[in-house]
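Below is one structure, written out as structure tokens; the observations come after it.
The values are calculated or read from the model by the stated rules, or taken from the named source; none is laboratory data. For clarity, every value in this text was computed on a predicted model and none was experimentally measured. All Cβ positions, glycine included, derive from the backbone under ideal geometry; neighbour counts span all protein chains shown. Please note that ligands, DNA and RNA were not included when accessible areas were found on the heavy atoms of the full protein model with its side chains. Shrake-Rupley method; radii C 1.70, N 1.55, O 1.52, S 1.80 Å.
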Amino acid sequence: MSSLAPVDVSGRCGRAFTAASERFGIDALLVTSLNDIRWLTGFSGSTGVMVVRAGSSTLITDGRYVHQASEQLSNAGANVDVVLAKDSVDTLESISDAVRGSSKCGYDPNELTVRQLQQYSASITSELIGVDGVIQHLRRIKSVPEQQRISAASEIADRALAHVEPLLTSALTSDVTERDVRDELEMLMRRFGADGPSYETIVATGVNSALPHHRPTFALLREGQSVVIDVGALVDGYHSDMTRTYLLGDCDAELVRMHQLVKEAQALGVRAVKAGVIASEIDGACRDLFGQYGLGHEFSHGTGHGVGLQIHEMPWLRKNANEPLQVGEVVTVEPGLYRVGLGGVRIEDLVLVESTGCHVFTHSQKEHLCLRSPLTT
Ligand code: ZN
Ligand code: ZN
């Protein structure tokens, strides 16, 4: 992945400060989410707190990250002072120094424990004001280098899934477990250049496939079952997300029908994605089709979510999500039908919102109905 252009973060601290100060009247912004810090500065360490102010920003981290922080910040074009703190007391003092002189300091209530809030309140003299999701909102729109990472992660997952299909076919004649398939996928994604899986890979077969977030077990893949595989790769901090459903050998006619319907609903959802469309309308495009067949109750989750530095982030594509999609957002479209005792089907693509439609990052085939073992003569 060495050919990827760096993610240029210059100007992001200023944009975050302006957004928070205009909306909440703050004059300093405390940032405690590591994903937000990475988005603002390019810093990917596991410890850090930031204070963003008009014209200056400070990253407080510990001694392990002294070289990494200065190198990553300069590569990313971040104009941020780095302060090293030796322990938690030192960190609190450094935050207090960086906030000094402000009267209202914003923090994101989604990203602090009650204990941390108590500690910050005790050591910071300015008034602490909850500012909800300001940076997460800005993170919705991905720059071209960010899109390239998501695209590269999607390609890796596509490649790994294509390589794992012979293993699925072999399940018709030998013992293959959900965990075997997961292990193979995760090994292949690393081999193809991923830093790791994007999340815990889901491989769910038979009745397990009726559970949208099933974790792989030693259950054997067997003829007649649906197998839901939800897989993504991680590339330089950015995630991909994709689901395909395979039907093994001769399957119940109901599973075949569910697969056809989910494929149709998913295509309707992808076709509905473009800038300006209200997020709930994408959800409606998928949900309405299931409703026409009396199966709305079997679609038990939202249609999609944003993907970036986090696997689930803004925007949300679900009922009552009344914000319009914007050019540069990366979202999933993933309707599914889940029937307890029989099985489930989900098909998920990752797409980039464009002004006239969307660009699909995930390319794995969706026609994998009734895989069969090769004929022997
Ligand atoms: Zn997924
Ligand atoms: Zn997803």
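Some points to look at:
- Residue list for segment 281-314, restricted to those being open to solvent by 10 Å² or more (accessible area, probe 1.4 Å), farther than 29 Å from PRO197 by Cα and not charged (D, E, K, R): GLY284, ALA285, LEU289, GLY291, GLN292, TYR293, GLY294, LEU295, GLY296, HIS297
- From ALA20, ALA69, residue being touching a residue at least 24 places away in the same chain (Cβ under 8 Å), crowded, with 16+ Cβ neighbours inside 10 Å and out of contact with any Leu (no Cβ under 6 Å at 6 or more places or on another chain): ALA69
- Residue list for segment 164-221, restricted to those being surrounded by fewer than 21 Cβ atoms within 10 Å (Cβ to Cβ) and of a type in the set (Ser, Thr, Tyr): THR169, SER170, THR173, SER174, THR177, TYR199, THR217
- Single residue of ARG53, ARG15 found to be more than 22 Å from ASP97 (Cα to Cα), basic (Lys, Arg), modelled with pLDDT of 95 or more and surrounded by fewer than 23 Cβ atoms within 10 Å (Cβ to Cβ): ARG15
- In segment 333-356, residue nearest to ligand 1 (Cβ to nearest atom) [restricted to those that are over 20 Å from THR201 (Cβ atoms) and open to solvent by 10 Å² or more (accessible area, probe 1.4 Å)]: LEU352
- Summed over segment 250-275, the residues that are open to solvent by less than 50 Å² (accessible area, probe 1.4 Å) and either among the hydroxyl-bearing types (Ser, Thr, Tyr) or under 25 Å from PRO324 (Cβ atoms) (or both) give a count of 8.
- Boolean, ASN79 is more than 30 Å from HIS305 (Cα to Cα), open to solvent by 60 Å² or more (accessible area, probe 1.4 Å) and assigned by TED's automatic domain parsing to the domain that holds PHE17: yes
- Residue that is nearest to GLY304 (Cα to Cα) [pool: residues in segment 225-247 that are more than 24 Å from the chain's Cα centre (by Cα) and surrounded by 24 or more Cβ atoms within 10 Å (Cβ to Cβ)]: SER226
- Any strands (runs of 3 or more DSSP E) falling wholly within segment 220-335 and containing at least 1 residues that are farther than 19 Å from HIS359 by Cβ, touching a residue at least 12 places away in the same chain (Cβ under 8 Å) and within 16 Å of ligand 2 (Cβ to nearest atom): 226-231, 233-235, 242-247, 313-317
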